[in-house]
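Following: one structure in structure tokens, then a few remarks.
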């Protein structure tokens with residue numbers, strides 16, 4: 001029988017690296033650290049090996065569809081499936097960035113929403129019964145939700161929103177940001193926040209879709225790691241990467257047949273509010 005396996009995207013540094021460390025200590029199976037740059041990935045693996053841990057490495061750039069397909073083919077041939085997926089890869093412009101909103105919207109959503117969704121669509125067919133998916137979102141998705149128009153809020157919290165509808169709204173946000181009309185059209189002015197609304201709602205839809213097709217105890221959640229001291233927060237976060245890894249790792253290790261959380265947004269290992 002093939003070993004159990006977990007994949008953590010974007011995990012050569014920051015919260016992703018902390019998640020790999022936590023899973024190496026607590027997951028009974030192989031833990032695959034991924035990075036766009038193989039040298040940085042190999043260096044991260046060596047760092048964890050010095051701690052007596054044994055992660056494996058596979059190259060992955062979620063913005064490159066072929067790279068995701070190569071990872072899928074490797075998992076299929078080596079493990080014949082996938083037990084845990086932590087979608088951690090993401091980007092954020094610094095608050096001080098002078099890049100125009102048109103660029104920030106396109107680049108941020110390309111990685112955080114569209115590429116993450118692509119990774120899910122390619123890798124989900126490998127999920128075995130009792131698989132767990134932890135999609136790293138952010139509390140900023142809650143702040144951004146609060147700033148959207150009532151019309152968008154009602155769709156983002158709706159139990160009948162589809163993936164096609166969500167993707168359409170995310171595309172509309174990018175288009176309106178490029179025209180500079182995003183606020184008038186009812187969107188938040190935070191590109192990162194909008195991208196993470198996408199990740200949060202995507203996770204809820206995916207759980208409903210899994211349940212509808214009768215998947216055996218596959219559990220998908222979105223989560224906020226907290227305000228972590230990483231490059232992404234310019235070192236301003238109050239949590240260590242290991243503290244930031246706690247909630248994503250908790251969701252990755254949920255026991256069989258868990259009733260909650262399922263298809264929810266989780267902060268500090270508790271279900272958080274996602275409503276108007």
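No lab work stands behind these numbers, since they all come straight from the coordinates. Please read these numbers as outputs of a predicted model, since none were measured by experiment. Cβ coordinates were reconstructed from backbone atoms using ideal geometry, including for glycine residues, and neighbour counts include every protein chain displayed.
Here r is the Cβ-Cβ distance between residue 56 and residue 99 and R0 is 45 Å; the resulting FRET efficiency, rounded to 0.05, is 0.80. Treating the angle as unsigned and between 0 and 90°, give the value, to the nearest 10°, between the Cα long axis of helix 14-26 and the longest Cα principal axis of the chain. Result, in degrees: 40. Contact order for the range 134-192, expressed relative to its length and based on alpha carbon pairs under 8 Å spaced 6+ residues apart, stands at 44 percent.
Across all directions, the average projected area of the convex hull around the alpha carbons of the range 1-143 is 9.7 nm². Panel order for 98, 9, 78, 181, by other beta carbons found within 10 Å of each beta carbon, from fewest to most: 98, 181, 78, 9. For the range 84-126, what does the alpha-carbon gyration tensor say about shape, rounded, prolate or oblate, given a ≥ b ≥ c as the root eigenvalues, a/c under 1.5 as rounded, and a/b over b/c as prolate? The shape class here is oblate.
The length gained by stretching the chain between residue 259 and residue 26 to full extension, at 0.36 nm per residue less their Cα-Cα distance, is 81.7 nm.
Could you work out the relative contact order of the chain, using alpha carbon pairs under 8 angstrom and six or more residues apart, expressed as a whole percent?
Values: 546 pairs, mean separation 57.5, N = 276.
Answer for the chain is 21 percent.
Put the Cα centre of the range 1-68 next to the Cα centre of the range 176-193 and the gap is 35 Å. Comparing Cα centroids, the range 142-158 and the range 243-269 end up 24 angstrom apart. Take each peptide in 266-274, 68-76, count the other Cβ atoms within 10 Å of every residue, and average; sorted highest first, the result is 68-76, 266-274.
Based on Cα coordinates alone, diagonalise the gyration tensor for the range 10-86, multiply each eigenvalue by 5, take square roots, and list the semi-axes in whole Å, largest first.
19, 15, 10
Taking the average, over residues, of other Cβ atoms within 10 Å as the packing measure, peptides 119-126, 83-90 rank 83-90, 119-126 from highest down. Computed from the C-beta positions of residue 184 and residue 65 and an R0 of 35 Å, the FRET efficiency is 0.55 to the nearest 0.05. Eigenvalues of the alpha-carbon gyration tensor of the chain, scaled by 5 and square-rooted, set the equivalent ellipsoid semi-axes at 29, 21, 17 angstrom, largest first.
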